[in-house]
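The structure appears below as structure tokens.
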Amino acid sequence: MSAVSRLFASQQFILGAAVEDFERAFAAEVGCAHAVGMSSGTDAQLAILMALGIGAGDAVITTPYTFFATAGCIHRMGAEPVFVDVEEASLNMDPARLAEYLAGCAKAEDGTPLTRRGRRIRAIAPVHLFGMCCRMDEIAGIAESYGLAVTEDAAQAVGAAYRGERGVVPAGAIAESAWFSFFPTKNLGGAGDGGMAVCRDESFAERLRMVRNHGMEKRYYHRQVGGNFRLDALQAAVIHAKLPHLGEWNAGRRRHAASYRKAFSAVGLTEFVTPPVAPPADFESAHIYHQFVIRAKDRDALMVHLQQEGIGCAIYYPVPLHLQECFADLGYRTGDFPVAERASAETVALPIFPELTEAELEAVVAAISGFYFR
Ligand SMILES: Cc1ncc(COP(=O)(O)O)c(C=O)c1O
């Protein structure tokens, strides 16, 4: 509240010191050279796609098992969203499916892979779903061999880490650029919408700053069509005040995940529910459990039971993106991505906020037991 009061006293509501201070602190926290505050995760992605110059005639590869914005932004740029299936265990992009898809693509004269509709594939957008990083080394290797950019959807992964060829690297600092979301339900949530685009390259950061402000370099001189993608100074002040707590909050999420796993085994639930894939014991920071998503037998009936017991639960995501009505013209069909389709039918997210108490967690497990051991 004191940060908010200071902001009101300053009357600097658009950009200015509060946004710049937060951008610096956030860049340091996630180990990125540059951070540019954006009005949402969605707008951060749009700004990155604009800065990459992606538009009509282009295509970007992502997965069908993510929040809508990942593919929606690609489509809004006039480009074609291309989907490859996810891995069974992590539900992240499967590098084997990515390699297989690209190997089957025709190529333009300059070697750029082409989609079936002849769009030029320019980039890959892997999503660190539920707070765990994708197999980024494998994805980067494939991208390099086809000359594609990699941009990370790190909306759900603030504070997660990846262990690869370059050692341990925070989510968002693995590829050349990435975006984050500060939607209030995120692990670093604002008091409203907010997002961040991050990148390695100084000139790319300049372009991001330009496109977030209608492509303006000098006032009322527009080099490129951008948007109003600016992060509110008020949000910057709020999220900046929360940032020092991120580590402790993520640790709380990890503790709860471990308690769920232990409890499922202790009460004999493992034949009915499968917890999410666990990171290696010596590298727990690989997962920040933005969501704790289990696979459950008879999922829909279990959810009705949990709701009756007053326990919050949700499906992330009930309809994979290739089957969404608005993407019908892309020509995908049921059966195209069986792993994502099965996940949509079997997964349910359980409560996992840092403040969850042991008693509340036990109540969740007791309610699940009550359903299967009726
Ligand atoms: C994976 C993923 N990508 C993108 C977004 C978009 O972020 P926002 O809601 O801040 O626009 C979200 C969050 O909602 C998300 O979970």
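The values are calculated or read from the model by the stated rules, or taken from the named source; none is laboratory data. Source: prediction; values computed, not measured. No Cβ is skipped: glycine too gets one built from the backbone with ideal geometry, and neighbour counts run over all protein chains shown. Side chains are part of the model used for accessible areas, which takes the heavy atoms of the whole protein and leaves out ligands, DNA and RNA. Shrake-Rupley method; radii C 1.70, N 1.55, O 1.52, S 1.80 Å.
Tabulated results
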read-out: Projected label distance in nm at H245 and R261, using a 7 Å step from Cα toward the beta-carbon; value: 2.7
read-out: FRET efficiency, A96 to V277 (Cβ-Cβ, R0 22 Å, nearest 0.05); value: 0.85
read-out: Net dipole in debye of the range 31-171 [+1 Lys, Arg Cβ; -1 Asp, Glu Cβ; about Cα centre; nearest 20]; value: 300
read-out: Whole-number Å³ per residue for the convex hull built on Cα positions in the range 30-75; value: 105
read-out: Of Y289, S344, T334, farthest towards positive along the dipole that unit charges on Lys, Arg, Asp, Glu beta carbons give the range 191-350; value: Y289
read-out: Probe 1.4 Å - accessible area at R342, Å² to nearest ten; value: 100
read-out: Cα-centre dipole for the chain with unit charges at Cβ (Lys and Arg positive, Asp and Glu negative), debye to 20; value: 560
read-out: Only Lys, Arg (+1) and Asp, Glu (-1) charged, at Cβ; the range 193-252 dipole about Cα centre in debye; value: 280
read-out: For the range 144-160, 3J(HN,Hα) per residue [Karplus equation, 6.51 cos²θ - 1.76 cosθ + 1.60, θ = phi - 60°, Hz, x = Gly/Pro]; value: 4, 5, 10, x, 9, 6, 10, 9, 8, 8, 9, 3, 9, 10, 5, x, 6
read-out: Theoretical gain in end-to-end length, A328 to D300 [0.36 nm per residue, Cα-Cα removed]; value: 7.5 nm
read-out: Projected label distance in nm at E20 and A363, using a 7 Å step from Cα toward the beta-carbon; value: 4.8
read-out: Length added when fully stretched, Q307-E88, from 0.36 nm per residue minus Cα-Cα; value: 76.1 nm
read-out: Stretch gain in nm, segment R116-H75, where the contour uses 0.36 nm per residue and the Cα spacing is subtracted; value: 13.1 nm
read-out: Rounded to the nearest 10 Å², the accessible area of E20 at probe 1.4 Å; value: 100
read-out: Considering only the chain, percent of DSSP beta bridges that pair antiparallel, nearest 5; value: 70
read-out: Net charge of neighbours whose Cβ lies under 13 Å from the Cβ of G252, counting Lys and Arg as +1 and Asp and Glu as -1; value: -2
read-out: Separation of the R374 and A108 label points, Cα + 7 Å toward Cβ, nm; value: 5.7
read-out: Computed over the chain, Cα set: Rg, Dmax in Å; value: 21.0, 68
read-out: Rounded accessible area of Y221 (nearest 10 Å², 1.4 Å probe); value: 140
